[in-house]
1. Let me see the P(r) profile for segment 38-191: every Cα-Cα distance counted, bins of 10 Å, each bin given as a percent of all pairs.
2. Report in % the part of the accessible area of segment 666-789 that belongs to carbon and sulfur, leaving out ligands and nucleic acids; probe 1.4 Å.
3. Could you pull the Rg and Dmax for segment 733-783, using just the Cα atoms, both in Å?
4. Dipole magnitude of segment 677-743 about its Cα centre, charges +1 at Lys/Arg Cβ and -1 at Asp/Glu Cβ only, in debye to the nearest 20?
5. If you stretched the chain out fully between Lys578 and Leu538, how much longer would it get, using 0.36 nm times the residue separation minus the C-alpha to C-alpha distance?
6. Between segment 667-715 and segment 801-830, what's the alpha-carbon centroid distance in Å?
7. What is the local net charge at Lys445, summed over the other residues whose Cβ is closer than 11 Å to its Cβ (Lys, Arg +1; Asp, Glu -1)?
8. Where the centre of each part is set by its Cα atoms, how far does segment 582-646 sit from segment 434-452, in angstrom?
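The values are calculated or read from the model by the stated rules, or taken from the named source; none is laboratory data. Keep in mind that what you see is a predicted model, and the values were worked out from it rather than measured. No Cβ is skipped: glycine too gets one built from the backbone with ideal geometry, and neighbour counts run over all protein chains shown. The area values use the complete protein model at the heavy-atom level, side chains included, leaving out ligands, DNA and RNA. Shrake-Rupley method; radii C 1.70, N 1.55, O 1.52, S 1.80 Å.
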Amino acid sequence: MKCKCLLIVALFFQLNMVSTAAETDNPAVVKAVRLTELVKIDGVLDESVWKTPGYTHFFQRDPNEGEKGTEKTIFWVAYDDECLYVAARMFDSEPDKIISRLGRRDDFVESDWFAFSIDPYFDKRSGFRFGVNPAGSIMDQALFNDEWDDETWDGIWESAAIIDDQGWTVEMRIPFHQLRFKKKAEYVWGINVHRIIKRKNEELWYALVKKDDSGYVSRFARLEGIKDIHPGRHIELLPYVAGAAEFSPEDEDDPFDSGQNFISNVGIDFKVGLKSNLILDATVNPDFGQVEVDPAVINLTAYETYYDEKRPFFIEGANIFRFGQGGARDFWSFGWGNPAFFYSRRIGRAPQGLDYLDYDYIDSPVWTTILTAAKLTGEIGKGWKMGFLNALTTREYAEIDLGGDQSTREVEPFTYYGVLRTQKEFNEGRQGLGLIATSVVRDLKTDDLVDYLNNKAFSLAIDGWTFLDKEKVWVVTGWLGGTTVSGSTDAITELQESSLHYYQRPDAEHIELDEEATSLSGWAGRFTINKQKGNIMLNAAVGAISPGFDSTDLGFQWNGDYINGHLGLGYRWLKPGKIFRTAWIIGATNRNYDFGGIKTGEDYYLLGGGQFKNYWGGEVLTAYSAEALSNNLTRGGPLMIHPSFVFTRMNFYSDDRKPVVGSIFGTYFENTAGSHSWTASLRLKIKPSSNLSISLGPGYNYNHLVSQWVDNFDDSLMTDTYGIRSVFATLEQKTLYAEIRLNWTFTPKLSLQVYLQPFIANGQYSGFKELAQPETFNFNEYGQNGSTISYDEEYDEYFIDPDGPGAAEGFYVENPDFNFKSLRGTAVLRWEFRPGSILYLVWTQNRSDDSNPGNFQFGREIGDMFSASGYNVFMIKFSYRFQL
């Protein structure tokens with residue numbers, strides 16, 4: 001799900017509803033006409049209803065805002081008892097120049113488009129959008145927060161498009177049960193219609209919203225005339241069968257590895273319209289084998305990597321669970337990472353107990369099986385929108401072999417997940433109030449899992465917004481919530497010592513590690529003021545995350561013990577000038593503190609960008625971070641200085657109408673201690689034909705970090721740093737990567753998508769040292785001033801004696817060098833042979849190699865990557881949609 005401000009929504013096409021009545025004097029009102037004949041959805045406008053005068057009041061939003069379109073557009077809207085019908089004629093004086101490209105569903109390919117948007121609740125905040133291009137490719141989205149869209153929503157509807165000597169035409173049939181609305185005798189809905197003429201980069205809107213204004217759904221025209229409809233109760237069943245064959249090189253020493261594995265699976269999804277505005281979606285034993293693999297990463301930070309959700313059941317309609325971002329069009333985050341109360345990838349995650357097992361060989365599931373999941377979404381009561389999701393995951397086991405002894409170990413408990421989200425808007429969206437509550441309950445039965453996992457986790461939070469003036473120029477948004485988790489003393493102790501909390505920090509006076517605690521609680525919140533309209537931009541926010549706040553059982557969290565405030569001011573030029581079509585510039589600053597009053601960040605930003613008259617464009621960011629204290633560089637040790645640094649990022653792109661489209665991206669970082677890094681990447685999109693596109697995205701990153709954390713060791717003699725030796729080293733890291741995509745669309749219903757990611761990351765550590773004093777950037781170098789360091793090649797580890805002949809005990813450090821090569825890929829052939837019924841053929845490959853750690857040789861690494869042992873999965877999945 002992506003959120004876009006109105007400027008991007010404009011580029012993302014939209015369309016106004018149509019009527020079959022005569023052109024009205026008031027373009028803000030469209031009359032829908034009841035059909036008296038059958039309409040065949042074939043793109044041919046030969047029905048009598050489409051031969052009446054339609055609606056033609058279209059104005060440019062780009063390139064010349066407010067002017068009439070250079071080509072005429074006319075549309076109509078009609079209906080019967082069960083469906084809404086939309087037809088449009090896009091006249092074109094040069095029909096042979098119409099840009100028509102085939103693309104997969106929801107792939108906004110570079111072509112002409114027609115889009116129709118509707119607000120059936122007539123709440124002036126939400127709705128749906130349906131788009132068709134001349135090749136018949138389609139897109140659909142859910143609209144929310146007035147200006148944002150969610151492309152993960154997929155409705156069941158029909159469309160057809162035809163190019164002829166006058167231009168091109170579109171017909172749509174949208175079943176009422178795909179829309180959500182309260183049952184009435186007669187309806188008034190909001191609509192908007194858009195047309196994109198791609199070769200001219202011209203966008204036409206029926207209900208025009210100027211770029212310096214705010215709102216989108218709230219500015220729709222009125223659709224009147226629909227009455228006495230009977231959409232009925234909507235029930236869909238979608239059973240599936242799937243089979244997979246897994247192949248990998250056989251390891252003769254591994255008692256669990258035969259080199260092949262065959263899997264079959266069955267399950268069912270269903271959708272039930274409980275009311276015209278309330279939908280139940282459920283799945284039993286879901287299978288997500290068709291989703292794209294996650295990219296390979298090397299994460300040397302203390303925090304987990306965030307991965308996007310890709311599973312259809314969880315991404316469709318996910319906007320209902322968005323929290324804390326209603327009301328405003330922009331949410332700037334300078335120095336702030338917003339915690340999420342709900343991160344759906346926690347459901348069905350990799351079994352957590354694998355991290356705590358010792359084994360030589362193992363046979364374990366890659367993901368936790370979801371037994372069943374259900375979500376109820378829609379509107380209840382007097383305008384309360386709600387989403388209620390429940391899921392159960394099974395107990396998972398692993399077979400392990402340790403020294404020839406085999407055993408079965410539980411690696412994931414039976415678990416319940418629950419999320420409730422409600423929100424109500426008042427005064428036509430001028431105010432809003434919402435709530436989110438989450439719960440996780442685990443049935444822990446083994447000592448291993450009891451020691452490491454929380455048995456219960458709950459969260460509760462409220463959010464809302466209010467506009468401060470009649471014109472909706474200023475809006476204040478905010479949220480406030482709390483979390484509480486419980487578990488054994490060992491589990492809660494480990495949680496307190498984790499990277500989000502570091503309660504063990506020896507010089508932190510506001511927190512203290514409690515090894516007898518069986519629960520941990522905390523709070524967090526943030527409040528923002530944003531200027532919505534005009535050329536001047538202003539955004540300010542203050543937020544805090546208490547030391548005990550932890551949403552990670554069902555959410556995601558970037559940091560803790562954190563107080564942040566920022567102020568940003570900018571200006572945007574929205575009308576074409578001599579050089580730019582549009583341009584903007586922003587200056588901002590932020591301050592960060594922990595709850596002990598320690599300043600942990602002071603940053604300044606200057607960023608700007610724009611689009612030239614030739615439709616090339618880009619942006620540049622420059623930032624300066626002042627020297628500050630860090631409470632996490634030593635990862636549970638004492639405070640340490642974070643040296644000041646400068647950072648620059650730039651991105652430039654070419655005109656996307658061309659057969660070859662390119663962009664370049666680069667970054668540079670340097671601090672006063674001598675660390676520096678840079679990144680350079682190139683992306684090319686090649687369009688050799690109207691149904692084929694190839695994307696190539698190679699990149700290279702170089703890091704030279706003089707203070708990469710290695711490990712902490714307790715030593716009571718190291719009194720200068722509170723009995724902790726925080727070991728660091730200089731890291732030289734080289735990362736070479738690429739993303740390669742092929743999209744080959746044979747028809748709007750049949751497509752092949754291929755994704756390939758070669759990835760090489762090499763890191764060499766040297767210059768081992770320890771922090772000398774707290775609140776400094778001073779180090780004691782090992783091998784100097786009497787200390788010693790030696791490397792044992794047989795065990796691949798270092799032995800360090802921090803004071804040589806002194807009383808301090810020596811310790812071992814495992815060699816942290818790495819050389820990771822990976823080649824991951826997925827190929828998916830998708831055929832939607834009837835609406836909602838799909839056949840998938842999938843091939844997934846994953847090969848990796850970690851030889852020659854710390855030693856980078858380009859040719860050798862490329863060879864090792866391609867010659868590494870491969871893990872291949874071939875899958876077929878068949879689903880069939882029944883509508884009852």
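1. Per 10 Å bin, starting at 0, the Cα pair percentages come out as 10, 38, 39, 12, 1.
2. Carbon and sulfur together cover 54 percent of it.
3. Considering segment 733-783 through its Cα atoms, Rg and Dmax are 23.6, 67 Å.
4. 820 debye
5. 11.8 nm
6. When both Cα centres are located, 20 Å separates them.
7. -2
8. 36 Å
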